[in-house]
Structure formats: structure tokens, C-alpha cells
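Below: the structure, in C-alpha cells.
The values are calculated or read from the model by the stated rules, or taken from the named source; none is laboratory data. Note that this is a predicted model, so its numbers are computed, not measured. All Cβ positions, glycine included, derive from the backbone under ideal geometry; neighbour counts span all protein chains shown. SASA here: full protein model, heavy atoms, side chains in, ligands and nucleic acids out. Shrake-Rupley method; radii C 1.70, N 1.55, O 1.52, S 1.80 Å.
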Amino acid sequence: MNAVEAGGLWKYYGDYPALRDIRFGVEPGQCLALLGRNGAGKTTLLRVMAGLTAAQRGELKVFGRPVRDGQARASIGVLGHGIGVYEELSAFENLRLFGSLYGVKDAAGTARAWLDRVSLGNVGDSLVREFSRGMRQRLAVARAFLHEPPLLLLDEPFTSLDDRSIALLQAVLAESLKRGATVILSTHQLREAMELATHVLLLDRGKLTFHGPRPAEMLADPTWLYRRHGEA
Amino acid sequence: MRTKVIYALSIFAALMLVRNLYVIFLGLPDEKDQGAIYRIIFFHVPSWFTSFAMFIVSGVASGLYLWKGRQRNDELAVAATEVGTVFVAIGLATGMIWARIIWGIWWTWDARLTWALITWLIYAGYLMLRRGIDDPTARARLSAVFNMFAFTSVMITYKAIEWWRTQHPAPVLTIRGADGLMDPLMERMLYLNWLPMLALAVVLVMIRMRQEGEQREIESLRRMAHAL
Amino acid sequence: MFLRQVWTVCAKDLRSELRTKEALNSSLAFALTILLLFSFAFDPGADQIQEISGGLLWMSYAFAGALILNRSFARELFNDCLDALIFSPVPGAALFLGKALASFVLLLIVELACLPVFGIFYNVAWADRFGWHLFVLVLASWGLTVVGTMFSALTVNLRMRELMLPMLLYPMMIPALMSAMHLTTVLMSGQAIGGDHWIWVRLLIGIDIIFTALAVALVEVVLVG
């Protein structure tokens, strides 16, 4: 069974199709990089996969279930543009909250463990609004990974992260891939992405123009695919 | 085809209205208590009928939109609501003119009047909500949900106001109770005048729907231009 | 499971509100200001104050309530927390009921704080039949909260949402407010609720049930675009 199965997705804003007949499947354990220019539909596609918005036509299945099914969403970890943590709650309270929302068995214990993992253990009981930018980003990483999701959706994860957070994110990503998780990420930082990606998917104005294993050429020349498919 | 229907209906409405005006002013006699002013009822009551019809259409269209997600239903909902609010305004205005002459006051907090005002406010809220949302799909979806609440609330309010106002001594003189309608000729005239009004409303709805469709097309072209 | 999710969301909202007290303080201050202003609009010592007491109280509750309800979903905007809640496995209905419950508790706190102040300032019998007062408060506030929370979700991404919510909410809540005003006036003048008054209690219950059902059925459509 595929981790993600998209069957002819169409997503409209008014009459404008942001996604046009997107079909692809992602097998478990793959790391798929979503590529494409701004406005190509990467974020929209990720939002559909996360269950934040529904495609008007076509079906999206996550581990064989429709994405708005609670069990399907429990198997997804999302790291988006916003960090998705509450300013008025402490770091620990935030993680415990999301732990219990995701049905993690020992939410409090897991939260503590993850605070240590992202080196926020000593400030776990401080409110997030006192945190620096880097600390918030690490907390957001913990929020997305704490239920050990078999599917990870990351929207521009490396953009605007500081060095420490990038190192942390790469470490937990590598760890997730090792335990067999599926990762789908959209990114502009092609070099970082190409080291991780086993597959690539190229979108051009809402259409899927390439999907397949990462071409070897892209390691040396990340923009190879852009020149080959779609516009220069 | 659509254009032809619009023209045909407008011509029908215009001819019918001219004919009705002739009959209303020159054919029918004055009413014995109210004199000439009672004639306003031939515009007042049909405009209420029309606005009810529009709000029912709008509610059903919004329900269909939520069920099927077709943009046309959203266009129908907004067009019907807009026309409905216009006819409520006509109903309120004609009612107030009549009240000024017969009761000597512009407004009284009678059950039906209060309800009409609330209904008008609720649907004005619907139209305002739409103006605040940029993405056409989100606009259609959110305003359809609001319309479900609006329709439900209008129904509840209708009953509630009746209880409220009948509990308090208030002028229970409603237009329906007036003697004028006893005459079957006059009652027939009410329905005869409703026909052109309804036709006019349908014409307006069709024109508004076309505009909405074009507006949506423009918005999507604009998005496409940005994407290029 | 469902109830636990409702509770988790509700507890989260209450905890962060009680920590900042943004909505609570402003809403309470606003309600008291309105009660004070009424004393200039009417002769506060007159007997007729009893006849309009229900109306005065519920007008200030409704105004204060809009401040609380506005915050309900607006507080999720910062850091895109609303997205984080929607893509979590919590069903939309649980999310909605949790947030509605939290606003309901906050609104009740404000109302219960205003009631004795009103009683003292305007010399009306608020403490007699307190149980009945509470009964009316709970029924009417739930209706107000459930529709208000829904509209808070509806308007959360709008420009001018602070203005939009009251304009959408108040006309729709007239039946509920009407019933609450009537029943509160009856209680304030020392009468019992019975006979003819039951129709208003039934209306309130009906409104609560209908709007709760409608909101729970439609909230997923509102949250997931």
C-alpha cells in the first residue's frame, strides 16, 4: 500500500485551477522532493495532503484512507510555514497538548523526552513567547515529529532556519527515514534536498511534469530537471 | 438563449405592469375606509411574496452548493439574496408609506414589521460577509454556511416575534387584516401584480448571475496572469 | 475519545486565556462600562428599571460576549496554530465544541460577575431565585456562544473581523436574546417562571439544539477549505 496515493486531483480557486489532474503514488520509505517555481502549486499540494484543504475533484489517500479520516491524519507530521505552537503556553505544555491531540500514549513523558532531544530541556517550563527564533523553530520540529509519524510533510523546511535548527532537522529527518518513514518536502534549497531525496516531482503551473527517481544528473547540477522539463 | 429569456421576461413584466397600473388606478374603485392609498397594497404584498421566494431559492441554492460544490449554485444564492433584499426594502418602504397615512406613524414595532427588519439585517450581513472574502471558492463555501444559519434564524425569528409581540399590547392591525382584501377582484389583482414582479425578480437574478460568472472569470484570469 | 479531545482543546483555550486574561479583562470592563452608561440613559432609581432590567443586562452580555467570541479563533492565527489544529487528528466537531465550551465558560464568568454589580447599582432582586437565573444564563449563553464561535471561525481570515462578527451575530441571536431578556426581567421582578413563560424556555432550548446541530454538521466545511 502506498503512503500517499493521489488520483487525479483538481483544486480550483474560483475558476483558476491551482492543481490540474495530479496523479502520483509515493511508496513507504521514499523521500520525495516537490519542485517547481513559486505559484506552481507545491504548497497547495502539500496542504491537500495534510488535510488542510480539500481538492474539488479526485481522491487523496494516505495509507489507504481518505485524508480527513482521523487515523490517516494521526500518521502525518506536518512542518509548515508557521511554527504552530502557542505563545502563551510553555514549551512543555505545547508538546503535551499536541501529544494528546495525536493520541500519544504517555504525552507528558514524550514531551519531556522531545524537549531534551531538541535541547530545550532546561527551558521547557518557560513560555514560548520568551523564546528566541531558533528555540521556537526547534520546538516546532519537536511538535511535528513527536508522534513518530510514518509520513512527514515539510513545506520549505530549511528556509529561514538557523544553522543549529537545520542540523537538528536533518538529524531527525535522517532518523525518520531510517525507521522507514516517508518524507515529502517542498523546497528551494535544491542542494540540501537532493542529498535526501530518492524521488522528485516537478510541478509547473499546477501540472505534474515529471515524477520519478531522482536523476543522477541532479546531484551535480540541481537545476538540471528544470532545464529538461518545463521552462528554462 | 439566456439573453432571449431575459428580454422576453422583461417585456412580459413591463407590459403586465402597465396593464396592471391601468386597472389599479382606473379600473378598481377606492376602498371604503382607506380611500385611494389602499392601492399601495398591490405593490406591497407582491414584493413580500417575491422576497420570500428569493430567500427560499437562495437557501436551497446554498444547500446545494454545500452538497455538490457547483459554482453556479453559489451564483444563484448571491443573486437571489441581493434581489430578495431589494424587494424587502420595497416592502418596507411601501408599508411605511401606507402606515404613515393610515396609522399616522411611519413605523410601529408590530410583529411582522420587526421580523422584516431583522430579516433584512441578516441578509445584509450575508452580503457584507461576501465582500470580505477574496478567494472565490472560500467565499462561496463560507457564505453558503452562513446562509444555512440565516435561513434557520429567519424561520425561528418569525415564530418568536409573533409570540413576543402578541404578549405585549401592540397594534395588531396588519395589512392582511384590512377590509380591502375582502373583495375577490382586489385579491385577484394582488396575484396578477405578483406575476410581473416575480418575472422582474427572475430577470434581475439572471443578470446578476451572469455578472457573478463573469466576475469569477476575471478573477481567475487575473490569477493566471500572476502565475505566468 | 471524542470527549477527551473536546476537553483537551477546551482546557488549552482556558489555560492560555487565564494566563493572559486578554479577552476576560476587556470583556468584563466593557460590560461594566455599559452597565454604568445605562444609569445615564435611564433613571436608575425608578420602578420601571425592573421592567427593563433583563434587556439592560443582556445587552451588556451580548456586547461583552462579542469580545470573547472574537478571540476564540483569532487567538489561533498567530504562528498558524489554527492549521496545526486542523491537520491534527482532532475532528472538526471536537475542535469546535472544545473552543465553544471554553468561550462559554469565559462568558459565564463575565455574566456572573456582572449580575451582582447590576443588582446593587440598580436595586433589583438578583439573589432570589439564583438557580433560575443560572438556568437562563446557561441556556441563552450557550446559544450565543455556539453561533458566535461558528461565526468566529467563519470570519477568522477576514479583514475587519472584529467588526464583522457582531454585525453577523446580533441579528441572528434576536430570538435567543429576546427570550433571555424576557425571562430575566420576570426573575428580576421577583416572579417565578411558570405558565406563559415556559414558551420562552422552550424556545431557548430549541435554539440551542438547532444551532448546535447545525454548527457541528457544518464546521468541517468551514475549517477545511
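Tabulated data for the structure shown
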| quantity | calculated |
| --- | --- |
| Residue-level accessible surface for A:HIS199, protein heavy atoms, 1.4 Å, Å² | 30 Å² |
| Rounded percent of accessible protein surface that carbon and sulfur make up, the protein assembly as shown, 1.4 Å probe | 63 percent |
| Gain upon complete extension [B:ARG210, B:HIS226; 0.36 nm per residue less C-alpha separation] | 3.3 nm |
| At q = 0.14, 0.16, 0.18 Å⁻¹, base-10 log of I(q)/I(0) for chain B (Debye sum, equal scatterers on each alpha carbon) | -0.96, -1.15, -1.31 |
| DSSP-assigned coil residues among trypsin sites (Lys or Arg not before Pro) in region A:94-177, each with at most 14 further Cβ atoms within 10 Å | A:LYS105 |
| Cα long-axis angle, helix A:91-101 against chain A (0 to 90 degrees, to the nearest 10) | 60 degrees |
| With all protein chains modelled, accessible area of C:GLU51 [1.4 Å, Å²] | 140 Å² |
| Solvent-accessible surface (1.4 angstrom probe) belonging to B:MET197, in square angstrom, nearest 10 | 20 Å² |
| 29 Å Cα cut-off, lysine pairs counted over chain A (separation 8 or more, or different chains) | 10 |
| Rounded tilt (10° steps) of C:2-20 against the dominant C-alpha axis of chain C | 70 degrees |
| Convex hull volume per residue for the protein assembly as shown, taking Cα atoms only, in Å³ | 174 Å³ |
| B:ILE11, B:ILE105, ranked by accessible area, largest first (probe 1.4 Å) | B:ILE11, B:ILE105 |
| Tilt relative to chain A, helix A:163-178 - C-alpha long axis, 0 to 90 degrees, to 10 | 70 degrees |
| Heavy-atom accessible area order for C:MET1, A:MET135, largest first, 1.4 Å probe | C:MET1, A:MET135 |
| Gyration tensor (Cα) of region C:2-224, equivalent ellipsoid semi-axes in angstrom | 32, 19, 15 |
| Long-range HN-HN contacts of A:VAL200 with modeled amide H, under 5 Å | A:ALA33, A:GLY212, A:ARG214 |
| Order of exposure, largest accessible area first, which applies to A:GLU130, A:GLU192 with probe 1.4 Å | A:GLU130, A:GLU192 |
| Computed [θ] at 222 nm, deg cm²/dmol, chain C (DSSP H ≥ 4; -39,500 (n - 2.57); rounded to nearest 500) | -28000 deg cm²/dmol |
| Efficiency of FRET from Cβ geometry, B:ASP134 and A:ILE166, R₀ 51 Å, rounded to 0.05 | 0.90 |
| Average partner coverage of B:155-162, which counts Cβ from other chains inside 10 Å | 4 |
| Karplus 3J(HN,Hα) series, Hz, for region C:89-104 with 6.51 cos²θ - 1.76 cosθ + 1.60 (x for Gly, Pro) | x, 5, x, x, 5, 5, 4, 5, 5, x, 5, 5, 4, 5, 5, 4 |
